[in-house]
Amino acid sequence: MSMTEKKLTDDMFQPAAMDPGKHEEITKPSLTYWQDVWRRLKKNKAAITGLVAIILIVIMAFVGPAISSHGFDQQDVRRTNLPPKIPGLEKVHFLGMDGVDIRGNDQYKLKNIPKDQYYWFGTDSLGRDQWTRIWKGTQISLLIAFLAAAGDLIIGVTYGGISGFFGGKVDNIMQRFVEILYGIPNLVIIILFILIFEPGILSITLAIVITGWIGMSRLVRGQILKLKGQEFILASRTLGASNGRLIMKHLVPNTLGIVIISMTFSIPGAIFFEAFLSFIGLGIQPPTASLGALISDGFKQLRIYPHLAIYPSVVMCILMVSFNLIGDGLRDALDPKMRK
Amino acid sequence: MEKLLELKNVHVSFHTYGGEVKAVRGVSFHLEKGESLAIVGESGSGKSVTSKAVMRLLPNKTSEIKEGQILFEGKDLARLPEKGMEKIRGKEISMIFQDPMTSLNPTMTIGKQIMEGLRKHQNMSKSEAQERAINLLKLVGIPNPEIRIKEYPHQFSGGMRQRVVIAIALACNPKVLIADEPTTALDVTIQAQILDLMRDLQKKTGTAIILITHDLGVVANLAQRVAVMYGGTIVETGTVDEIFYNPKHPYTWGLLSSMPKLNAESKELLAIPGTPPDLLNPPKGCPFAARCPHAMQVCLNHMPESTKVSSTHQAACWLLDERAPKVEPPEAALVGGAR
Amino acid sequence: MATMEREKLLEVKNLKKHFKVDRKAVLKAVDDVSFDIYKGETLGLVGESGCGKSTTGRTIIRLYEATDGEVLYEGKNVHGKKSARELKEFNRKMQMIFQDPYASLNPRMTVKDIIAEGIDIHRLAKNSKERNERVYELLETVGLNKDHANRYPHEFSGGQRQRIGIARALAVDPDFIIADEPISALDVSIQAQVVNLLMKLQKERGLTYLFIAHDLSMVKHISDRVGVMYLGNLVELAGSDELYEEPLHPYTQALLSAIPVPDPEVERSRERIILEGDLPSPINPPSGCRFRTRCPHAMDVCARVNPKWQEAREGHWVACHLYDQEFNKEGK
Ligand SMILES: Nc1ncnc2c1ncn2[C@@H]1O[C@H](COP(=O)(O)OP(=O)(O)O)[C@@H](O)[C@H]1O
Ligand SMILES: Nc1ncnc2c1ncn2[C@@H]1O[C@H](COP(=O)(O)OP(=O)(O)O)[C@@H](O)[C@H]1O
Ligand SMILES: [Mg+2]
Ligand SMILES: [Mg+2]
């Protein structure tokens, strides 16, 4: 106290001129909502790990097939079921990257594969390079997942938006239809759908979308119903805003957040569902392969050639976990209650 | 009088991703046996955080009591382990919150919720506890307590729920009751009922009350002493009469003059310009300086010390320094007797 | 001053607004309410939450369709079919300020776009430069400045947001503003800022207000006349000084005595009328006079007959049997 006492001089007791404009000054830097979300997301290590993993996998899905010299559908009966062998790592035996199978035989020697030929993830029962096939498969899986998510988005948002926005009778009828659709077990619908159309990327995507959009539409409808009564919508209506303006300027921007979260969860759902279809034989048909198809094939020989199932499974697990991590991170980042 | 609870220079901070929020910055006050102390101030001034610090109800991951002591009957609650705190919370000191909707468990009957504390702290048998619960409901003015004890919170109106919350808080005859904006969510007619009830109960039970509010009318109605809080600090304390009739801090003046007075002829309200300080970057000097019409150079850089006005009345303001110019409170701040 | 020859701006006649809550039950949020608002005045509307104040305001401004009754603005019916042009014209004359400073601004829009919404809808600016200028002018009017234009609502405090809401309403140059509890969510020191701003604007622009609130002392301060609502009915309407000095309806009396006064001396010596019990449900309101279940002066007739809405004194309307010669012979 005595220290500060000394420093206080009489002239400090003169009135300080206050700038009245300063009262309303905001010192914090201006951040848009999305900048703020990104700032929060960046702090979430799990979500960022997920994001990096997904970016890497997407890059590999396109670059991977090119950096190996083997085509994904090149068959060669002389080199079937080779275990993985990677230059450099082949010397570290316990990694299992030395071309030796689980019974301890060096398959590369037995099958007289030239010394300079490496199959990084081995080959399958038709002698196709597994590395190339895994990344091709990732491509297909991601393609299906993104298409399905886009389908969910378009149908779900439109349907839920109309239903919620107009309300009343329209909403009533639309919701009864959804309930009926939801009441039929979706496996039945999907299997029928794929049986009628040939299994292919498009038909599988459609099969996933045909029931997948319901979740999205319910979410959007709920959000719109909630927003519709909010005072900023009422304010806009008293100003004479048209429906189009209400939707484009007010409702859509405020539903975007939950739509994005929902999408990050529906992508891994679609990947998983496609894998499931492959398992029951309704997936992508050879020679094209998806991650699910590869796992399904490898699974049949899991005891003898485990590498066929393990590598695609690992890629798929990383994908699913990463998408879920991002989804969780986004949910936290977009939560307005955390805003400060 | 005996000091029941005493806070000495308490600092509380929150660690948020934006940085350290210094929500409470050196709060000191005491509570005597059986008295009622009101803490007033606008939202964000740190009233709830202070009371939660006393109850040790702050989230322990993101917040900490950085400095200071909270003395309750000689024990420092700020440093007490959780085990010891459990014996005090709800038994010696209890708390009621603003929103009667969320402070009751919707899936439990009212009776069970009242009896929970009784059975935990006082080892009562079930029938004893039930009898006490019925008596408590009677005490807080709920008709037909024998029947209502078996009902769920949603079957009660807002005012009735707040009565139940008070009954729960009083169940173990606490020495201190902290009421955090107990009537803010209620309508005036219901507020009048609850304030009446609280005054009545205090007479009957002798519990000391800390009443947190932003409504000066409620303060005048219920409190004996008042602490005015601003920007995480206490700027003025005194008896109600001192605060209302002889206020010394410009913020208290501002509060008093921005209230319309029912019996006064309509004159313009004196608003306090601007907004409260951001506690993420609190000002170095007096927190009110930026909005104060009498601010001096010294206010901007030096935190004012608490100055004695009378044995019960203190204010933290540089205007009370002898070197400062003499300033009279604005006309609009004068209440009733002071005019 | 209340009863001078003045021009009526708005007439509300037997207005009803009922909500269907499920197949059977009907919630009579506003049930047969009549009052006038004169040009340039402020009419206060008070009552406990849930008594139908907001519903009245929102029905007047067409956010809700009226179940029955009519609202005349400058002699023209507000409800009923209208051409798009008539609607637009109407939207510019009548505006609303909302209660919740957090919910009443779109969190994804900049302050500039929020304020300019009316300008955009009604094409009041020829180009973006003119639009900016109008927005800056409005910001100044409400005590903010153009540095705030490009920020988002979450960066502002409650009082600042509420002023942004006022600027948005002013953008279309309205004559009549419905303020639905514009200060309830604000701190005392900030409330005064907003009330002073509203009063200043009224003086400068000759605005007419319907000011809804549950804080009676603020309402008295800002209003020329005050109406008191209870469970969907208007129970009393009078000049604000008269209402506060000589309230007639037992509910008004109780309401006034319940306000805590910021004066310890007065509080210590004050006799309160403490109302028993809670507000009954508006789905199943009491028969006759709706206040009778809590009224300290209830008579037999109150359960049977709806009290008439009548002028007990000049300019002082009340709906209570105590002031009805027919039922209360001895007079109160
Ligand atoms: N859990 C929390 N995390 C971060 N900051 C908080 C938290 N709780 C309160 N605060 C901050 O502490 C300050 C005081 O808050 P509070 O005590 O609730 O104010 P009031 O006086 O309205 O009760 C505010 O600035 C608030 O933002
Ligand atoms: N859109 C609605 N649908 C159904 N009931 C409503 C609706 N809006 C208001 N109500 C009901 O009408 C009554 C009056 O509400 P309101 O006008 O908001 O009251 P106040 O503004 O006086 O608090 C309340 O009981 C409320 O629950
Ligand atoms: Mg609080
Ligand atoms: Mg309302």
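Values quoted throughout were computed directly from the atomic coordinates according to the rules given, and no laboratory measurement underlies them. Treat the numbers as computed from the prediction; the structure is a model and nothing was measured. We place every Cβ from the backbone using ideal geometry, glycine too, and count neighbours over all the protein chains shown.
Taking the centroid of alpha carbons for each part, region C:32-58 and region B:188-250 are 33 Å apart. The B:Asn281 and C:Arg23 beta-carbon pair, evaluated with R₀ = 51 Å, returns a calculated FRET efficiency of approximately 0.35.
A simple rule links phi to the HN-Hα coupling: the Karplus curve 6.51 cos²θ - 1.76 cosθ + 1.60 with θ = phi - 60°, which for region C:272-286 gives 9, 9, 9, 6, 7, x, 10, 4, x, 6, x, 6, 9, x, x Hz, with x for Gly and Pro. Out of B:His154, B:His121, B:His30, any idea which swings most in a Gaussian network model of chain B, alpha carbons joined below 10 Å? Fluctuation is largest for B:His154.
When only Cα pairs under 8 Å and 6 or more residues apart are kept, what is the percent relative contact order across region B:109-170?
44 percent
Rank the residues A:Leu330, A:Leu202 as a footprinting-exposure proxy: fewest other Cβ atoms within 10 Å of their Cβ go first.
Going from sparsest to densest Cβ surroundings: A:Leu202, A:Leu330.
Is the protein assembly as shown rounded, prolate or oblate when judged by the Cα gyration tensor, a ≥ b ≥ c being the square roots of its eigenvalues, rounded requiring a/c under 1.5 and prolate requiring a/b larger than b/c? Prolate shape, in that a/c is at least 1.5 and a/b is the bigger ratio. For C:Lys126 and C:Tyr102, a Förster radius of 25 Å and the Cβ-Cβ distance give a FRET efficiency of 0.15, rounded to the nearest 0.05.
The label point for C:Lys203 and the one for A:Cys317, both projected 7 Å from the Cα toward the Cβ, are 7.5 nm apart. Sort out for me the Cα centre separation of region B:290-339 from region A:230-259, rounded to whole Å. Result: 48 Å between the Cα centres. Against chain B, whose longest principal axis is taken from its Cα atoms, helix B:110-122 shows a tilt of about 80°. Across all Cα pairs in chain C, the calculated P(r) in 20 Å bins from zero up to the longest distance comes to 29, 56, 15, 0 percent per bin. For a modelled paramagnetic label at C:Lys13, 7 Å from Cα along Cα-to-Cβ, the residues of region C:36-61 in reach, with backbone nitrogen under 17 Å, are C:36-38, C:60.
Rounded to the nearest Hz, the phi-derived 3J(HN,Hα) couplings of region A:249-264 under the Karplus curve 6.51 cos²θ - 1.76 cosθ + 1.60 (θ = phi - 60°) are 8, 10, 6, 4, x, 8, 9, 3, x, 5, 5, 5, 4, 4, 5, 5, where x marks glycine and proline. Given R₀ = 41 Å, what would the calculated FRET efficiency be for C:His297 paired with B:Thr109, taking r from the Cβ atoms and rounding to 0.05? E between C:His297 and B:Thr109, to the nearest 0.05, is 0.65.
Toward the positive end of the charge dipole of region C:209-322, with +1 on the Cβ of Lys and Arg and -1 on the Cβ of Asp and Glu, the farthest Cα among C:Ser217, C:Pro282, C:Ser257 is that of C:Pro282. Residues whose amide H lies under 5 Å from that of B:Met296, counting only those 5 or more places away or on a different chain, are A:Ala16; hydrogens are built 1.01 Å from N in the peptide plane. Averaged over the residues of C:97-107, the number of partner chain Cβ atoms lying within 10 Å of the residue Cβ comes to 5.
For chain C, modelled as a GNM whose springs connect Cα atoms under 10 angstrom apart, the maximal fluctuation among C:Val135, C:Val46, C:Val188 occurs at C:Val188. Spatially, region B:151-170 and region C:70-93 are offset by 46 Å when compared through their Cα centroids. Distances between placed amide hydrogens fall under 5 Å for C:Gly44 paired with C:Phe211, C:Asp224, C:Arg225, C:Val226, C:Gly227, all partners being 5 or more residues away or on another chain.
Structural descriptor for region A:230-296: relative contact order 20 percent, calculated from alpha carbon pairs under 8 angstrom and at least 6 residues apart.
Taking the alpha-carbon distance from B:Lys126 and a cut-off under 22 Å, which lysines remain once sequence neighbours fewer than 8 residues away in the same chain are dropped? Partners within reach: B:Lys87, B:Lys91, B:Lys112, B:Lys138, B:Lys150. Across region A:30-37, coupling constants 3J(HN,Hα) worked out from phi with the 6.51/-1.76/1.60 Karplus curve, θ = phi - 60°, read 6, 10, 6, 4, 6, 4, 5, 4 Hz, and Gly and Pro carry x.
Each Cα pair under 8 Å and six or more residues apart adds its separation to the average, and for region A:127-324 the resulting relative contact order is 30 percent.
Taking each residue of B:154-160 in turn, how many C-beta atoms of other protein chains fall within 10 Å of its C-beta, and what is the average?
Mean partner shielding for this stretch: 2.
Counting every other Cβ atom within 10 Å of each residue's Cβ, C:Ser281, B:Ser45, C:Ser217 order from fewest to most as C:Ser281, C:Ser217, B:Ser45. Put simply, the amide H of B:Ile96, placed in the peptide plane, has neighbours under 5 Å in B:Ile178, B:Ala179, B:Asp180, leaving out anything fewer than 5 places away on its chain. Legend: mean number of C-beta atoms from other chains within 10 angstrom of residue C-beta atoms, peptide B:215-225, equals 5.
Among B:Cys172, C:Cys289, a tally of other beta-carbon atoms within 10 Å of each Cβ gives an order, fewest to most, of B:Cys172, C:Cys289. Taking a cut-off of 23 Å between Cα atoms, list the lysines near C:Lys129, but don't count ones fewer than 8 places away on the same chain. Those lysines meeting the cut-off are A:Lys249, C:Lys112, C:Lys146.
Label positions at C:Gln310 and B:Asn301, each projected 7 Å from the Cα along the C-beta direction, are separated by 7.5 nm.
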